[in-house]
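What follows draws every value from the coordinates through simple rules; no lab data is involved. None of these values were measured; they are calculated from a predicted model. Every residue, glycine as well, gets a Cβ built from its backbone with ideal geometry; the counts of neighbours run over all protein chains shown.
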Amino acid sequence: MEEKNKHTNPKPGTSRRGFLKKLWGVLGIAAGIELTWITFSFLSPGKRKYNKASTTNLIVAGKVADFKLNSVFPFRNGKFYLIRRGDGGFLAVSLKCTHLGCSVLWNEEKQEFICPCHASSFDKNGVVMNPPAPRPLDIYPVIVEEGIVKVDTGNPQRRKSFDENQIVYA
Ligand code: FES
């Protein structure tokens with residue numbers, strides 16, 4: 001009988017109550033660390049999300065003459081596609097799918113952007129042809145100065161539809 005109790009009665013430090021006490025202690029410390037981190041992140045000036053949209057990040061895409069008419073040029077590092085239309089206009093669309101953010105791929109044969117994740121597709125202006133993507137691809141401002149095309153990737157713009165006013169001419 002005494003032998004049996006030896007196995008069922010743990011040492012005082014390892015009792016269930018002791019374990020729960022330690023667990024609460026550890027959770028309390030973790031919560032404290034998280035609270036400190038959240039407070040620090042909130043007070044840190046450079047990290048606020050609402051500052052992000054107002055920054056300028058100009059990427060020099062190249063000379064106007066370098067972009068063939070009726071073509072789509074990927075800029076993977078800038079995370080956009082630069083579209084040169086048949087009429088010479090430029091449109092820069094984000095490569096981020098508006099469904100869940102996968103990178104869309106340009107399909108030259110079909111002349112559309114296709115998302116590899118859930119098969120959304122977008123036409124050459126970035127407009128949804130096939131859901132589940134809920135809206136067109138975001139666009140970036142295009143600036144043409146002295147024959148040089150630049151794209152401001154710091155200012156992505158949401159849109160509900162395509163409008164000719166989104167096209168920039170040299
Ligand atoms: Fe593109 Fe879902 S992330 S269709």
Quiz item: Residues with amide H under 5 Å of C102's amide H, sequence separation 5 or more or different chain, H placed in the peptide plane at 1.01 Å from N; which?
Solution: C97
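Suppose we look only past 23 Å in the calculated P(r) of segment 47-170. What percent of the Cα-Cα pairs does that tail hold?
On the way: 2029 of 7626 pairs.
Considering segment 47-170, 27 percent of its Cα-Cα pairs are separated by more than 23 Å.
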Practice problem: Go through 113-120, 129-136, 162-169 and give me the packing order, highest mean Cβ count within 10 Å leading. | Solution: 113-120, 129-136, 162-169
Self-check item: Amide proton proximity set for M129, modelled H, under 5 Å, gap of 5+
Solution: S121, F122, D123
Quiz prompt | segment 142-157 - phi-based ³J(HN,Hα) in whole Hz, Karplus 6.51/-1.76/1.60, Gly and Pro as x | solution = 10, 10, 10, 10, 6, x, 10, 9, 10, 10, 8, 7, x, 10, x, 10
Quiz item: Around F80, which amide H atoms from residues at least 5 apart in sequence, or from another chain, sit under 5 Å from its own amide H, with H modelled in the peptide plane?
Solution: F75, L95
Exercise. Order the peptides 80-93, 60-73, 144-157 from the highest to the lowest mean number of other Cβ atoms within 10 Å of their residues.
Key: 80-93, 144-157, 60-73
